[in-house]
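Structure, as structure tokens:
The values are calculated or read from the model by the stated rules, or taken from the named source; none is laboratory data. Not measured: the values here are computed from a predicted model. With ideal geometry, Cβ positions are generated from the backbone for all residues, glycine too; neighbour counts draw on all protein chains shown. What goes into the accessible areas is simple: the full protein's heavy atoms, side chains included, and nothing from ligands, DNA or RNA. Shrake-Rupley method; radii C 1.70, N 1.55, O 1.52, S 1.80 Å.
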Amino acid sequence: MHFTLADLVTDITQNAVEAGADLVELEVSETDKEFRFLVNDNGKGMTQEELKKAIDPFITDGVKHPGRKVGLGLPFLIQTAEQSGGGWDIKSEKGKGTKVTAWFDSGNFDMPPVGDIALMFRTIFMFNSAGEIVIRRRKPNDEYEVRKSELLEAIGNFEEVSNLILLGEYLQSLEE
Ligand SMILES: Nc1ncnc2c1ncn2[C@@H]1O[C@H](COP(=O)(O)OP(=O)(O)OP(=O)(O)O)[C@@H](O)[C@H]1O
Ligand SMILES: [Mg+2]
């Protein structure tokens, strides 16, 4: 399979948006040694029972993807982190929100490629949600923060193709 860590982060951030959060915070940090991310949302949250089901690779509710026999999402994140010498932590409280953290050992042969981070941020800002999305990015010699509300204010909307090109170019320039 040719998935990337960016695919995983996108998937987990989508869960946060789908949980109805009006604030989603995403942190993506990279050093020579590890790739780490954190998604914090104030959405619907899960009970311990619901969380247990959500991380179980053999349980899928079959609602969203009726034809699919295997779960992706959280089980896939956990499996990937564990297989490549990393780890994970998930905390959730019903009605309050969810926090997902995972880290990956860059020196590990089995770590998937990181992928295109700027493109990933653009995809995340394009998710259909009225809530705020704050992204914090840390690299060894650089860090930056971007907010969906500020980008929308500057660009107008994320529907017109020309605006999406602008958004992509801006995020790319921050990343370089
Ligand atoms: N941040 C979150 N807040 C609340 N519930 C969550 C969160 N993340 C996951 N869940 C719950 O766990 C379930 C499983 O998540 P998972 O990402 O594995 O699958 P999915 O989102 O239903 O489908 P897919 O991601 O494959 O489109 C979700 O349907 C949701 O009920
Ligand atoms: Mg999901």
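Observations on the model:
- Karplus-derived 3J(HN,Hα) values for the stretch 36-51, using 6.51 cos²θ - 1.76 cosθ + 1.60 with θ = phi - 60°, are 9, 9, 9, 10, 10, 9, 10, x, 5, x, 9, 6, 4, 4, 5, 5 Hz; glycine and proline are entered as x.
- Pairs exceeding a 24 Å alpha-carbon distance, out of 53/91; 33/96; 52/96: 33/96.
- Antiparallel bridge percentage (DSSP; both residues within the chain; nearest 5): 80
- Ligands, DNA and RNA are left out, and with a 1.4 angstrom probe the accessible area of the stretch 5-175 is 55 Å² per residue.
- Extension gain for the segment residue 164 to residue 33, taken as residue separation times 0.36 nm less the Cα-Cα distance, is 43.9 nm to one decimal.
- Ordering 73, 154, 5 by Cα displacement along the dipole of the stretch 5-175 toward the positive end leaves 73 in first place; charges were set at the Cβ atoms of Lys, Arg (+1) and Asp, Glu (-1).
- Here is how the number arises for the chain: DSSP H runs of 4 or more residues each give -39500 (n - 2.57), the sum is divided by the residue count, and the result at 222 nm is -11000 deg cm²/dmol.
- A protection proxy built from the mean count of other Cβ atoms within 10 Å ranks the segments 77-85, 44-52, most packed first, as 77-85, 44-52.
- Cα-centred dipole magnitude for the stretch 99-176, charges only on beta-carbon of K, R (+1) and D, E (-1), debye, nearest 20: 260
- When the alpha carbon coordinates of the chain are projected onto the principal axes, the ranges are 43, 37, 30 Å, largest first.
- Calculated from backbone phi, Karplus (6.51, -1.76, 1.60) coupling profile of the stretch 7-20 in Hz, x at Gly/Pro: 4, 4, 4, 4, 4, 5, 5, 4, 4, 5, 5, 5, 7, x
- Residue ranges 127-133, 2-8 sort as 2-8, 127-133 when ordered by packing (mean number of other C-beta atoms within 10 Å per residue, highest first).
- Given charges at Cβ of Lys, Arg, Asp, Glu: the stretch 5-175 dipole, positive-most of 166, 101, 134: 101
- Here the chain is assigned +1 on the Cβ of each Lys and Arg and -1 on the Cβ of each Asp and Glu. Its dipole about the Cα centre then comes out at about 620 debye.
- For residue 86, the residues whose modelled amide H falls within less than 5 Å of its own, excluding neighbours fewer than 5 places apart on the same chain, are 105.
- Apportionment of accessible area to carbon and sulfur, the chain, percent (1.4 Å): 52
- Across the stretch 168-175, computed HN-Hα scalar couplings (Karplus, 6.51 cos²θ - 1.76 cosθ + 1.60, θ = phi - 60°) run x, 5, 5, 5, 4, 5, 5, 6 Hz from first to last residue, x flagging Gly and Pro.
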